[in-house]
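Student: Shown below is the structure under consideration.
The values are calculated or read from the model by the stated rules, or taken from the named source; none is laboratory data. Because the structure is predicted, anything quoted here is derived from the model rather than measured. Here Cβ is always computed from backbone atoms with ideal geometry, including for glycine, and neighbour counts include all displayed protein chains.
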């Protein structure tokens, strides 16, 4: 695939890091429930190598996926890493033996997590580290993140982190973090049906800050919409391709990290960058969020 078709390029503000707007999220490379090894490790390696061969140069991961599994697979598949590959990881959680997700936000926790990521990815410095606030069940929750961002800023000064980002945060938390260090990206839950961050995206776009949409296809509950299916039928495309293309049209600072453990599905996701949506189709797709709210009890 021609890499120019991967949604175009984006340079993280204040950095030399330029990525294709369609990247790859590594979470699904781990086993069921994002825990333990995958059933087919060779297939996981093939997906990563296929993504990079197609021009993808933005991989999102975390050492708490598995735990440790996805980073070890990335290392096996891609190390020594090709020039220009940007690996973004995140901190703020740990996996317990019962497979639950637990906060890991103390300064010692965060420092240990940075070293775990460095070791398992076999890197001397991490390109971008996102602090992921645990938040509430359905999204971000207000509360100070100054202590955690200060830890990352200190590790940045020591040369272990190049740039700092945030995940699952509010606009208030973003402002608090920006007073401590430059924030190059925000990674939040956003898709056709989940659009609470519309104002935040537009504000970030004005300042050239990346917004990385996680769960771009709905996450553990895939997007389902008769409007989406109808538009996809008219375009001769898969509904999920249309959902990804809509995100690329939504704002120039939106980056995508759809994940998959299938090479076939990977190719379908990447092909979304070649879809052009007319103003009429965009207007129809914009109405899905209202449909989704109206369907909620």
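Student: Being more than 16 Å from residue 124 (Cβ to Cβ) and assigned to a helix (DSSP H, G or I) is the filter here, so list the residues in region 67-82 that pass it.
Tutor: To start, the set of residues in region 67-82 that are more than 16 Å from residue 124 (Cβ to Cβ) comprises 67-70, 72-73, 76-77, 82.
69, 70, 72, 73, 76, 77 - these are the residues of region 67-82 that are more than 16 Å from residue 124 (Cβ to Cβ) and assigned to a helix (DSSP H, G or I).
Student: Report, by residue number, each residue of region 205-229 that is more than 23 Å from residue 259 (Cα to Cα), touching a helix residue (DSSP H, G or I) at 6+ places or on another chain (Cβ under 9 Å) and either free of Cβ contacts under 8 Å to residues at least 40 places away in the same chain or not in a helix (DSSP H, G or I) (or both). Full working, then the answer.
Tutor: Going residue by residue through region 205-229, those that are more than 23 Å from residue 259 (Cα to Cα) are 205-208, 226-227.
The next check asks that each one be touching a helix residue (DSSP H, G or I) at 6+ places or on another chain (Cβ under 9 Å); those that pass are 226-227.
Matches in region 205-229: 226 only.
Student: Inspect region 22-29 for any residue being closer than 20 Å to residue 208 by Cα and either part of a helix (DSSP H, G or I) or touching a residue at least 24 places away in the same chain (Cβ under 8 Å) (or both) and give the result as yes or no.
Tutor: To start, the set of residues in region 22-29 that are closer than 20 Å to residue 208 by Cα comprises 22-23.
From what's left, either part of a helix (DSSP H, G or I) or touching a residue at least 24 places away in the same chain (Cβ under 8 Å) (or both): 22-23.
Checked against the condition, which is being closer than 20 Å to residue 208 by Cα and either part of a helix (DSSP H, G or I) or touching a residue at least 24 places away in the same chain (Cβ under 8 Å) (or both), region 22-29 yields at least one hit.
Student: Now for a separate question. For region 271-297, which residues satisfy the criterion of being over 25 Å from the mean Cα position of the chain (by Cα), at pLDDT 85 or above and part of a helix (DSSP H, G or I)?
Tutor: The answer is 279, 280, 281, 283, 284.
So that you can scan it fast, the table gives a plain yes or no per residue for (1) surrounded by fewer than 21 Cβ atoms within 10 Å (Cβ to Cβ); (2) free of Cβ contacts under 8 Å to residues at least 40 places away in the same chain; (3) in contact with a strand residue (DSSP E or B) (Cβ under 9 Å, 6 or more places away or on another chain); (4) closer than 27 Å to residue 209 by Cβ:
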| position | (1), (2), (3), (4) |
| --- | --- |
| 41 | yes, yes, no, no |
| 58 | no, no, yes, yes |
| 80 | yes, yes, no, no |
| 90 | no, no, yes, yes |
| 103 | yes, yes, yes, yes |
| 113 | no, no, yes, yes |
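Student: With part of a helix (DSSP H, G or I) and surrounded by 15 or more Cβ atoms within 10 Å (Cβ to Cβ) as the only criterion, which of 193, 177, 199 stands out?
Tutor: Within the list 193, 177, 199, the selection yields 177.
Student: In this structure, does residue 60 turn out to be at pLDDT 95 or above and more than 23 Å from residue 112 (Cβ to Cβ)? Let's see the steps before the verdict.
Tutor: Details: at pLDDT 95 or above: yes; more than 23 Å from residue 112 (Cβ to Cβ): no.
It is false that residue 60 is at pLDDT 95 or above and more than 23 Å from residue 112 (Cβ to Cβ).
Student: I need the full set of residues from region 252-270 which are touching a residue at least 24 places away in the same chain (Cβ under 8 Å) and assigned to a helix (DSSP H, G or I), in order please.
Tutor: Going residue by residue through region 252-270, those that are touching a residue at least 24 places away in the same chain (Cβ under 8 Å) are 252-263, 266-270.
Those that are touching a residue at least 24 places away in the same chain (Cβ under 8 Å) and assigned to a helix (DSSP H, G or I): 263, 266, 267, 268, 269, 270.
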